[in-house]
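Comments concern the structure below.
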Amino acid sequence: MKKNTKCLVVEDEALLALSLEMELKMAGLNVIGIAATGEQALQNLKVKKPDIILMDLRLSGKMNGVEVIRMITRMYHIPVIIITGYPDTKLMDAAKRLDHVRYLLKPVRTETLLKLMAELLNG
Amino acid sequence: MSDIIRERDFYKRTCDEMGARCLQFQEEQTRVRQEARRSRMIATLIREVYQLADHKVAFDEIEERFLYIILETLSADRAALFRHDQEKDSWVSSHLLGCENSHRTKLDIDCHPPDFVFFNSSIKPDSVQKCLCNKVGCTNLLWISNPDSGRALLICNEREDRHLHRPFEAADREMGEGALNVFIEIAERKKAEEQLKTSLKEKEVLLKELYHRTKNNMQVIRSMLALQANASTNEEVKRIFRDTENRIYAMSLVHQKLYQSKSLSSINIHDYVCELADLLLKSYHITKARVSLHLDVESFQVSIDTAIPCGLILNELLSNALKHAFPDNREGEICICMYKKGQHMIHLDFSDNGVGLPEGFECLKQKSLGIRSMYAIIEHQLQGSITCEVQNGVAFYIQFEDQEQYSRISK
C-alpha cells in the first residue's frame, strides 16, 4: 500500500473517528476527511476523491451505511471497508459477493485493518 | 234446510281454517320472538365479553362472564368451559358456573364425545352420551367442542323444579356454537396479548441488566485506571489517568440513569448534569466554598445519543475550568445554563470568572485530547456549533440539535 493513500473515514462517533484518524496517520496514510453522515460521505467522495473508504454502518443523519454503500458501489469504483459493531450475516454475505467491499467487526486491530486495506488496494 | 246446513258447514270450516292459521301465526310469532331474543343475547355476549377483553381484566373473569351470559341466554342451570389436555388426552374443565356444593368443581371428560352432542332426557342415549351424562351428572345437556382450538362448552339444563325445565333445541346448539367461537377468538387474542406483555417485560429486564452491567464494567475500568495512576509517581501520568477516569464516569453515569429511568431510553438532563458537576468538583478536590457552581439547567428528557456526548462536553469544560481557571487557590464561580429552544435545539452556555485564556490561545489549534475531542463531538457528531468568548473569564456558547430525531434506537 502506497504511503499517502487517501482515506475517507465515515463514522458518527467523534472519538472513534478521531482514534481511527490518528492510527491511519501514524501508519503514514492521508486521512482526507471524516464524515459523520451518509450525506457528508457522498459530498466528500465527490470533492476529495479518496482511494479507500472506511465506514461504519450505523450513522447519524437520514441515510444509513448500507444505503451509502449501495450508492458508492453504483457510482464509483472505490474500495470500502465496513467497520461495524453489529454482526449482520446477510450483510456479511452481501459484502463477500462484492469485489470492492470487505467487512470488519469492531473492535478492529490496526494491523488487521492495514492488511485488509493493502489487499483491497493492491487488488 | 240443506242450505242452512251447507252454510253452517262452510262457516265451521272457515272458523277451523282461521283457527289453524291463528295457531300458525302464534307459533311463528313465538319462533320469531325466540330468534330475536337469542340474537339480542348473542349480541350482548359479544359486546360484554369483548368489552371485558378490551379492559385489563383477568382471563378468569372473562370466562366467568361468558358462562354467566350463556346461562342467562339459554335459561340453563349449569355451564362449563373445557380445555383439551393433550398429555391426558381428555377434556378438563377450566371454569364451571351454576354448580352447587354437591356438584364437582372440576370435571374430566375422557370419553371423546363428538364435536356436538345435543341431548335431552327424553331421547334414548347411546353409549358415548351415557358416559357423558354419567360424568356430568345430568341427562339434559348440550356439548360443543372445537378440537382445533382445544376448547369445549358444556351446558346442562336439568333443574330440580320441573316447571322451569326446558329441553334443548336445535337453535340452542347453533347459538352455543356461535358463542364458543366468539369466546375462542377472545381467548386467542388475550393469550397473544399476554405473550406480548411477557416478552416486553423480559426485554425490559434484559435492557436494565445490560445498562447495569455496562455501568459496572465502566466502574471496573475506572478503578483499574485509578489503581494504575496510584502506582505512578509521575504527576503528569496521574493527571492523564484522572482525566480519563472522569470521562468514563461521565459515560457510566448515563447508563446508571438509564436503568433507573422509567422509559429506559431517555434520562433527565437536569439530574444528570447536577450529579456529574458535583462529582467533578469532588474529583479535583475543590470545595464549593472556593469555586461556587451555579446550575440553571432545564428539566427535560434526552436520549442516550444526546446524553453521552453532552456528558463528555460538560466533562471537558468543567475539568478545564477547575484545572486552569482558578490557580493559586483563587476563588470564583462557574455557571452552567442549559435549555431547549424550539422543539429540538439544545443550548449549553458555560462560563467561569477565572483567569481567562492565555494570549493567542486558539482552541482549534490545541493538541490536547480534551479540547480536540470536545470540538469533534460538537461539530462532527452532534453537527452543532460552539463559540468562545474571553471576557472576565471564559464563556462557551454551544448549540446542537437533540439527537432523538436521528436516534439509532428508532432506526
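Coordinate-derived values only; no laboratory data. Owing to the predicted nature of the structure, the values given are computational and were not obtained by experimental measurement. Cβ: placed from backbone, ideal geometry, glycine included. Neighbour counts: every protein chain shown.
Which three numbers, in whole Å and largest first, are the semi-axes of the equivalent ellipsoid of region B:273-324 derived from its Cα gyration tensor as √(5λ)? Before the final figure, lay out each step's value.
Values: eigenvalues 92, 32, 14 Å².
After scaling each eigenvalue by five and taking roots: 21, 13, 8 Å.
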Inset, instruction - Would you compute, for the Cα atoms of chain B, the largest minus smallest coordinate along each principal axis and list the three values in descending order, in whole Å? - result: 144, 55, 35
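Going through region B:228-310, which GluC sites (Glu not before Pro) have at most 15 other Cβ atoms within 10 Å and a DSSP loop state? All intermediate terms of the calculation are to be shown ahead of the outcome.
Details: sites: B:Glu235, B:Glu236, B:Glu245, B:Glu275, B:Glu298; in loops: B:Glu298.
Passing sites in region B:228-310 are B:Glu298.
Can you compute the helix-only [θ] at 222 nm over chain B? Use -39500 (n - 2.57) per DSSP H run of at least 4 residues, normalise by all residues, nearest 500 deg cm²/dmol. Please report the intermediate quantities before stating the final value.
On the way: 8 runs with 206 residues, N = 411.
Counting only the DSSP helices, I get -18000 deg cm²/dmol.
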Inset, instruction - In a Gaussian network model over chain B where Cα atoms closer than 10 Å are linked, find which of B:Ile123, B:Ile109, B:Ile186 has the largest mean-square fluctuation. - result: B:Ile123
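For chain B, what is the charge dipole size about the Cα centre, in debye to the nearest 20, if Lys and Arg each add +1 at the Cβ and Asp and Glu each add -1 at the Cβ?
Details: 54 positive and 62 negative charges, 98 e Å.
Value, rounded to 20: 460 debye.
How high is the relative contact order of region A:6-121? Use alpha-carbon pairs under 8 Å, at least six apart in sequence, and give a whole percent. Numbers along the way, then the final one.
Numbers: 182 pairs, mean separation 26.2, N = 116.
Contact order relative to length: 23 percent.
Apply the membrane-span-like helix rule to chain B: whole DSSP H runs, Cα extent along the own long axis of at least 30 Å, mean Kyte-Doolittle hydropathy at least -1.0. List the helices found. Provide the component values of the computation, followed by the final result.
Numbers: long enough: B:2-54 (77 Å, -0.92); B:170-231 (91 Å, -0.54); B:235-260 (37 Å, -0.83).
Those that pass (Cα extent of 30 Å or more, hydropathy at least -1.0) are B:2-54, B:170-231, B:235-260.
Rounded, prolate or oblate: pick one for region A:6-121, where a ≥ b ≥ c are the square roots of the eigenvalues of its C-alpha gyration tensor, a/c under 1.5 means rounded, and failing that, prolate if a/b is larger than b/c, else oblate. All intermediate terms of the calculation are to be shown ahead of the outcome.
Values: a/c = 1.21, a/b = 1.08, b/c = 1.12.
Judged from the Cα gyration tensor, region A:6-121 comes out rounded (a/c under 1.5).
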Legend entry - Unsatisfied cross-links (Cα-Cα over 23 Å) in the set A:Lys2/A:Lys115; A:Lys115/B:Lys365; B:Lys323/B:Lys367: A:Lys115/B:Lys365
Legend entry - Relative intensity, log₁₀ I(q)/I(0), of region B:55-154 from a Debye sum that treats every alpha carbon as a point, q = 0.14 Å⁻¹: -0.52
Inset, instruction - Place +1 on the Cβ of every Lys and Arg and -1 on the Cβ of every Asp and Glu in region B:2-191, take the dipole about the Cα centre, and give the residue among B:Phe59, B:Ile69, B:Phe25 whose Cα lies farthest towards its positive end. - result: B:Phe25
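Of all alpha-carbon pairs in the protein assembly as shown, indicate the percentage at a distance above 47 angstrom.
47 percent
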Inset, instruction - With label points built 7 Å along Cα→Cβ from the Cα atoms of B:Cys337 and B:Lys88, find their separation and express it in nm. - result: 7.5 nm
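Could you compute the longest span of chain B free of chymotrypsin sites (Phe, Trp or Tyr not before Pro) located in DSSP loops and having at most 16 other Cβ atoms within 10 Å, not counting the site residues? Provide the component values of the computation, followed by the final result.
Values: sites that count: B:Tyr284, B:Phe300, B:Phe361.
The longest such stretch corresponds to B:1-283.
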